[in-house]
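J.: Please read through the structure below; I'll follow up with questions.
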Amino acid sequence: MRDIPLKYIKGVGEKRELLLKKLGINNLSDLVHYFPRAYLDFTDPTPINKLIPETTACFRAAVGYTPVKNEIRRGMTIYKTLLIDGEYSVHLNIFNSAYLAESLAEGEEYFFYGKITLNKGMLEITNPIIEKTDTEYIMQPIYPLTAGLSSKILSKIIANALQYYERENDADIIPDDIRRKYSLCHEQFAVKAIHNPLCSYDLEIAKRRLIFEELLTLQLGMKLLKSRNRGRTSFIIENDFSKEFITSLPFELTGAQQRAIDSCINDIKKETPMNRLVQGDVGSGKTVVAAAVIYTAAKNNIQSAFMAPTDILARQHFETLTRLFEPFGISVELLTGSVTAKKKKEIKERLRSGETQVIVGTHAIITDDTEFDRLGLVITDEQHRFGVKQRSALNGKGINPHTLVMSATPIPRTISLILYGDLDLTVIDELPKGRQKISTYAVDTSYRERIYAFIKKHLDMGLRAYIVCPLVEENDGDLTAAKQYAEKLQKKHFKDYKIGLLHGKMKPKEKEKIMSDFAQGEINLLVSTTVIEVGVDVPESVIMVVENAERFGLSQLHQLRGRVGRGTHKSYCILISDTESENTKARLDIMCKTSDGFKIADKDLELRGPGDFFGSRQSGIPTLKIAELTENMDTVRESKEASEAILKADPKLRNEENLRLRKAVAQLFTKDKGSTLN
Ligand code: ADP
Ligand code: MG
């Protein structure tokens, strides 16, 4: 499809063009690929007695009486009425929309769509979307929006764009044989149906096709990255010295740790650089695995860089490595933002001369003007993937080092192979012996007071606790809720203790200050959104409370739980939820019974489908638009199979029928900040 500028599309003027750009829509193709995040589905309304508070739902009901107007304060009016279906009812509130309120006729039936809330034991809905029951648009798209652009306007613009798009009439991006083999509908049909499905069946086949297309593109990209000529490494490491390092450790390695070390050593002996992901649950001992490899590099006279996402984590690793390497006379230094300019200069000088063998720090160590004597190994810890961009930063310095990525997020193997398909994968699936189990309980909100008392008892012993509140989005409303919660705890329940608040809108420096105050015990109780730094060790923190636990995926809960039990004290995880859903109860129950992250991830996959794993929380991979909606593994498996078949026949995607796929791969990978395909 040609890149038709937005201004040629009916309904788009200068002002709307700017608004669309805010949504990342820059041309016709972006516009037709801007998929709804949900649908107003009036085909299957929920009976009122089945409505669940705090969820978004559609129901059909009659207006009990003509909405009654109340003036709350100047300029603020609210209309109220009761919506009735048989014997059950919901309170309706309409703020500041006389037109809408007055259009509702007593006794008439409508569809109502919106978030259901509970107020003094009564179901309530506020400013819902209201549709007549004889509507011809039985399923309406809901788009992610920006201020100034309503869903109605965006729908219109997209409808106009679709007409243009139809006229373009390109060959399907998925080659015909693949499309037929997997019974995928045509691209044109899918794109039209995803915006304006005529029935839920159309929507299903459109979704499946688009999810397939996206996963196919992702996997082709990953495989191309992997097979791309990596070039030779400048540093082949000839001799394996890991044994003498391992013998020096005060404990025995687990079998899984030993296997991980062996695969890394095996990699760095080759001519092509190592590109490996080591995945292991919190506490599985990834650091010594990295250390064994760094040690071997150092003994071969090769420098290593160890990168962590934050200053605190870098410092922790620095301390560990210094302790491990001191007896061997291997020099380790720390380079972070808080090092003074004068010291920085000295450290860099020693790196350049080769005097320093191991440097620990944040990404800054490779992105700014640092020069190395013989940098041959780069290790990144926790979450940060070493993107292609950073790799080319190194290549600019004339080096093509071995890279090792360490991740503490257990992911089912099938999914890992897709998300990290460009890396070789090692899983550390075994914890060192004698690890304490974190006692985990799922309770409802009636336990809150008891939980506060339980926390206090532990704070009085000099220990620490976390309370995590979920934010649906980090918007201001939710943020206020977290702030107010922290304030209420401080004033009412924890007067004599110091409470801290941590959230995603804070600057990195502010976050680090709070984290280090917490680590030092100046803050006893940390109220946080889910931004608690992964990997920060605070051995005194022994209680993790999660509010609205039903809103989290199991893997995420498992990550949060990993913040406690890092010392010698008995630790607890308390999941609070008032959920009525049997599925959610079953999920929380798994948390109470299992502490194995990989088992939990498998269960998560089984209960919530693979979509969650493609969601935004996976950092470092290209942002996917629609794969998050996938509920079954079949599409995942089939797209994998198809990507293999395509590359087998056309390893570089040079054939005519694959050119559009090639272009899509390039686009997917350049949109992502961290990686570009070249
Ligand atoms: P993570 O995989 O979460 O990064 P760490 O590397 O921080 O885990 O290890 C957690 C703790 O376990 C450290 O104190 C480390 O010294 C210790 N440890 C690592 N491997 C073993 C082992 N095989 N036996 C006993 N303790 C170990
Ligand atoms: Mg770690």
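J.: Any residue that is away from ligand 2 (no atom under 16 Å from the Cβ), modelled with pLDDT of 90 or more and in contact with a Phe, Trp or Tyr (Cβ under 6 Å, 6 or more places away or on another chain) - is there at least one of those in region 508-523?
T.: Scanning region 508-523 turns up no residue that is away from ligand 2 (no atom under 16 Å from the Cβ), modelled with pLDDT of 90 or more and in contact with a Phe, Trp or Tyr (Cβ under 6 Å, 6 or more places away or on another chain).
J.: Now a separate question. Under 7 Å between Cβ atoms, at least 6 apart or on separate chains: pull out the pairs that start in region 370-382 with a residue that is among the small types (Gly, Ala, Ser) and end on any residue that is within 16 Å of ligand 2 (Cβ to nearest atom).
T.: Partner pairs satisfying both residue conditions: none exist.
J.: From the residues in region 294-310 that are of a type outside the set (Gly, Ala, Ser) and within 15 Å of ligand 2 (Cβ to nearest atom), which one is surrounded by the fewest Cβ atoms within 10 Å (Cβ to Cβ)? Outline the logic, then answer.
T.: Residues of region 294-310 that are of a type outside the set (Gly, Ala, Ser), as a first pass: 294-296, 299-303, 306-307, 309-310.
Cutting the leftovers down to within 15 Å of ligand 2 (Cβ to nearest atom) gives us 294, 306-307, 309-310.
On the way: 294: 28, 306: 27, 307: 24, 309: 19, 310: 21.
Per the stated criteria, the residue is 309.
J.: Can I ask one more? Has region 282-299 got at least one residue that is farther than 28 Å from residue 416 by Cα and out of contact with any helix residue (DSSP H, G or I) (no Cβ under 6 Å at 6 or more places or on another chain)?
T.: yes
Residue-by-condition table, conditions (1) at pLDDT 95 or above; (2) more than 16 Å from residue 559 (Cα to Cα):
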| residue | (1), (2) |
| --- | --- |
| 409 | no, no |
| 415 | no, yes |
| 421 | no, yes |
| 432 | no, yes |
| 440 | yes, no |
| 455 | yes, yes |
| 458 | yes, yes |
| 464 | yes, yes |
| 475 | no, yes |
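J.: Can you tell me which of 455, 428 is within 16 Å of ligand 1 (Cβ to nearest atom), among the β-branched types (Val, Ile, Thr) and in contact with a strand residue (DSSP E or B) (Cβ under 7 Å, 6 or more places away or on another chain)?
T.: 428
J.: I need a count of the residues in region 35-84 that are of a type in the set (Lys, Arg), over 28 Å from residue 156 (Cβ atoms) and either at pLDDT below 90 or in a loop (DSSP other than H, G, I, E, B) (or both).
T.: Result for region 35-84: 2.
J.: Check every one of the helices (runs of 4 or more DSSP H) wholly within region 272-373 and list those with 3 or more residues that are more than 16 Å from ligand 1 (Cβ to nearest atom) and on the phi < 0 side of the Ramachandran plot.
T.: Result: 286-299, 341-353, 364-367.
J.: Of everything in region 430-455 that's within 16 Å of ligand 2 (Cβ to nearest atom) and crowded, with 16+ Cβ neighbours inside 10 Å, which residue is farthest from residue 566 (Cα to Cα)? Walk me through how you get there before you give the answer.
T.: In the first step, residues of region 430-455 are kept if they are within 16 Å of ligand 2 (Cβ to nearest atom); the result is 430-432, 435.
Still in the list and also crowded, with 16+ Cβ neighbours inside 10 Å: 430-431.
Details: 430: 17, 431: 13 Å.
My answer is 430.
J.: Is there a residue being surrounded by fewer than 16 Cβ atoms within 10 Å (Cβ to Cβ), over 34 Å from the mean Cα position of the chain (by Cα) and modelled with pLDDT of 90 or more anywhere in region 357-367?
T.: The answer is no, given that none of the residues of region 357-367 is surrounded by fewer than 16 Cβ atoms within 10 Å (Cβ to Cβ), over 34 Å from the mean Cα position of the chain (by Cα) and modelled with pLDDT of 90 or more.
J.: Going by the structure shown, is residue 325 more than 16 Å from ligand 2 (Cβ to nearest atom), under 21 Å from residue 245 (Cα atoms), aromatic (Phe, Trp, Tyr) and buried (at least 20 other Cβ atoms within 10 Å of the Cβ)?
T.: Considered against the rule, which asks whether it is more than 16 Å from ligand 2 (Cβ to nearest atom), under 21 Å from residue 245 (Cα atoms), aromatic (Phe, Trp, Tyr) and buried (at least 20 other Cβ atoms within 10 Å of the Cβ), residue 325 comes out as yes.
J.: Over 27 Å from residue 189 (Cβ atoms), surrounded by fewer than 16 Cβ atoms within 10 Å (Cβ to Cβ) and either more than 35 Å from the chain's Cα centre (by Cα) or modelled with pLDDT of 90 or more (or both): does that describe residue 87?
T.: Details: over 27 Å from residue 189 (Cβ atoms): yes; surrounded by fewer than 16 Cβ atoms within 10 Å (Cβ to Cβ): yes; either more than 35 Å from the chain's Cα centre (by Cα) or modelled with pLDDT of 90 or more (or both): yes.
So residue 87 passes the test.
J.: Looking at (1) closer than 23 Å to residue 556 by Cβ; (2) modelled with pLDDT of 90 or more, which one does residue 282 not meet, given that it meets all the others?
T.: (2)
J.: Quick check on my filter: what residues within region 578-588 are in a helix (DSSP H, G or I) and farther than 19 Å from residue 281 by Cβ?
T.: 582, 583, 584, 585, 586, 588
J.: Taking region 551-572 as the search range and keeping residues that are farther than 21 Å from residue 407 by Cβ and modelled with pLDDT of 90 or more, which one is surrounded by the fewest Cβ atoms within 10 Å (Cβ to Cβ)? Let's see the steps before the verdict.
T.: Start the filter on region 551-572 by keeping residues that are farther than 21 Å from residue 407 by Cβ, which leaves 551, 567-572.
From what's left, modelled with pLDDT of 90 or more: 569-572.
Details: 569: 19, 570: 14, 571: 24, 572: 21.
My answer is 570.
J.: Continuing with this model, one more query. Quick test for you: out of 560, 575, pick the one residue that is in a helix (DSSP H, G or I) and touching a residue at least 24 places away in the same chain (Cβ under 8 Å).
T.: Step by step, each of 560, 575 is checked, and only 560 is in a helix (DSSP H, G or I) and touching a residue at least 24 places away in the same chain (Cβ under 8 Å).
J.: Looking at (1) in contact (Cβ under 8 Å) with a residue 24 or more places away in the chain; (2) over 23 Å from residue 449 (Cα atoms), which one does residue 528 not meet, given that it meets all the others?
T.: Tallying (1) in contact (Cβ under 8 Å) with a residue 24 or more places away in the chain; (2) over 23 Å from residue 449 (Cα atoms), residue 528 fails exactly one: (2).
The values are calculated or read from the model by the stated rules, or taken from the named source; none is laboratory data. As the structure is a prediction and not an experimental result, all values here were calculated from the model. Neighbour counts are summed over all protein chains in view; Cβ atoms, including those assigned to glycine, are modelled from backbone coordinates with ideal geometry.
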